[in-house]
């Protein structure tokens with residue numbers, strides 16, 4: 001089978017060589033071979049369809065991290081993932097469209113005020129940590145406030161609790177930070193770097209523990225999401241439950257590569273082995289960052305794997321969609337984990353987006 005040069009392949013799939021190099025660097029589409037003398041990337045004809053799929057997903061605005069997940073799915077599951085992504089985008093776009101209409105009206109002289117016809121949003125929230133049925137210590141930590149929501153899961157053993165507490169403590173000052181929505185991601189990225197340093201400093205006296213971290217930071221209707229590890233974030237919107245994070249675990253990497261199906265992943269003995277965490281000692285922490293638009297009626301769940309690994313998605317959906325208040329929902333989620341044996345610590349945060 002003859003290989004194509006990067007230029008010929010780029011022309012065949014209607015992409016630029018620069019885009020192909022990016023997809024190689026982020027692990028989305030590796031070349032079939034690299035010329036040992038020139039260093040040129042060479043592609044196989046049977047990679048055309050995958051390249052076209054990646055390009056199409058990029059054209060609808062899907063982030064690279066989500067594209068990596070979609071490309072690792074079977075066609076039916078991939079179609080469901082794309083449909084779920086587009087539903088979220090549509091809802092976000094509708095909210096932004098209302099604001100754009102207001103701005104056009106104001107700037108064209110149709111209105112003299114900037115009062116937004118959409119309601120000012122607030123958060124009703126609750127957080128809970130539970131040791132579980134089989135553990136004698138709690139390495140999880142959770143926080144819920146008007147602007148900041150966070151869950152961390154420290155490595156089991158000496159220092160795990162200190163690591164998760166240090167990560168949450170490093171983010172807590174963000175609760176008081178009143179910043180424009182445009183600065184949310186920058187602020188959150190800096191805070192996560194601070195959290196990573198805080199965990200490593202705690203490790204000097206605590207046997208080098210590590211911790212996961214999943215957090216949301218809000219400004220108005222904008223939410224910045226940061227994620228490292230296998231704690232999770234979910235969104236209940238319009239009666240449907242959407243995962244907002246992808247686990248940074250060895251087993252998830254096998255699923256992404258097509259070497260393991262999701263059913264096998266759930267029972268894999270190394271399903272909790274992390275490939276990313278805070279406190280690992282690298283030069284910088286590799287975190288997933290995303291910006292979302294909150295809509296009135298949204299319900300967010302942040303949780304540790306002590307909940308997500310033992311309570312299936314259908315049961316989570318049912319508990320979240322019940323319409324109870326956030327404190328009732330977190331209590332119900334902990335009950336479900338205990339009903340499933342609660343072999344690990346349980347941390348969960350519920351946040352409802354409401355008209356303030």
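No value in this document is a laboratory result; all are computed from the given coordinates. Small disclaimer: the values here were computed from a predicted structure and weren't measured. Please note: Cβ atoms are built from the backbone with ideal geometry, for glycine as well, and neighbour counts cover all protein chains shown.
Based on the mean of other Cβ atoms within 10 Å per residue, sort peptides 302-308, 167-173 so the most packed one is first.
Averaged packing, sorted descending, gives the order 302-308, 167-173.
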Mean Cβ neighbour count within 10 Å, used as a protection proxy, ranking 232-238, 132-138 highest first
232-238, 132-138
Between residue 11 and residue 317, with labels modelled 7 Å along Cα→Cβ, what's the label distance in nm to one decimal, could you check?
4.8
Sorted peptide list for 214-225, 23-34, criterion being average Cβ within 10 angstrom, highest first
214-225, 23-34
Rounded to whole angstrom, the alpha-carbon centroid of segment 198-255 lies from that of segment 9-62 at a distance of 29
Could you give the length gained on full extension between residue 56 and residue 124, defined as 0.36 nm per residue of separation minus the Cα-Cα distance, in nm?
20.7 nm
What nm distance separates the two modelled labels at residue 40 and residue 250, each placed 7 Å from Cα along Cα→Cβ?
4.0
What length, rounded to one decimal in nm, is gained on full extension from residue 273 through to residue 257, with 0.36 nm per residue of separation minus their alpha-carbon distance?
4.1 nm
Cα→Cβ-extended label distance, 7 Å offset, between residue 284 and residue 93, nm:
3.2
When the chain is fully extended, how far beyond the present Cα-Cα distance does residue 339 get from residue 291, taking 0.36 nm per residue of separation?
13.8 nm
Quick check: the distance between the Cα centres of segment 268-321 and segment 143-190, to the nearest angstrom?
14
Could you calculate the FRET efficiency of residue 189 with residue 2 from 1/(1 + (r/R0)^6), where r is the beta carbon distance between them and R0 is 41 Å, rounded to 0.05?
0.40
